[in-house]
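Just so you know, all these numbers are worked out from the coordinates, no wet-lab data involved. Here the structure is a predicted model, which means the values were calculated and not measured. Here Cβ is always computed from backbone atoms with ideal geometry, including for glycine, and neighbour counts include all displayed protein chains.
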Amino acid sequence: MSDHGDRPAFPLAWANTLEAGEGLGLSAREYFAAKAMQGILASGPTADRDATIPHLLSTIANMSVLAADALIAALARTGTEG
């Protein structure tokens, strides 16, 4: 994965003065995953009605991270800066 996912979701001009590893809020990857999770949860009930709630939430979380990684990879391939 490129560094697209590690960049801040909402960069600030003065944030360049921070030391490596310091952060201001969510990374782009975390933000994309949160938005994907929001969409999945808002889409209504799932077809897997027999799943336990913890299993279902774990599956949704994993799907959200996969969606975020796919978006970051697509941005890197197209050279789109975030």
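Considering amide H positions built from the backbone, and no H for Pro or chain starts, which residues 5 or more places from Leu26, or on another chain, come under 5 Å of its amide H?
The answer is Ala9.
Which ³J(HN,Hα) values in Hz, rounded to whole numbers, follow from the phi angles of region 27-34 under the Karplus curve 6.51 cos²θ - 1.76 cosθ + 1.60, where θ = phi - 60° and Gly and Pro get x?
Values, residue by residue: 6, 4, 4, 4, 5, 4, 5, 5 Hz.
When ranked by the protection proxy of mean other Cβ atoms within 10 Å per residue, highest first, what sequence do the peptides 28-34, 53-59 form?
28-34, 53-59
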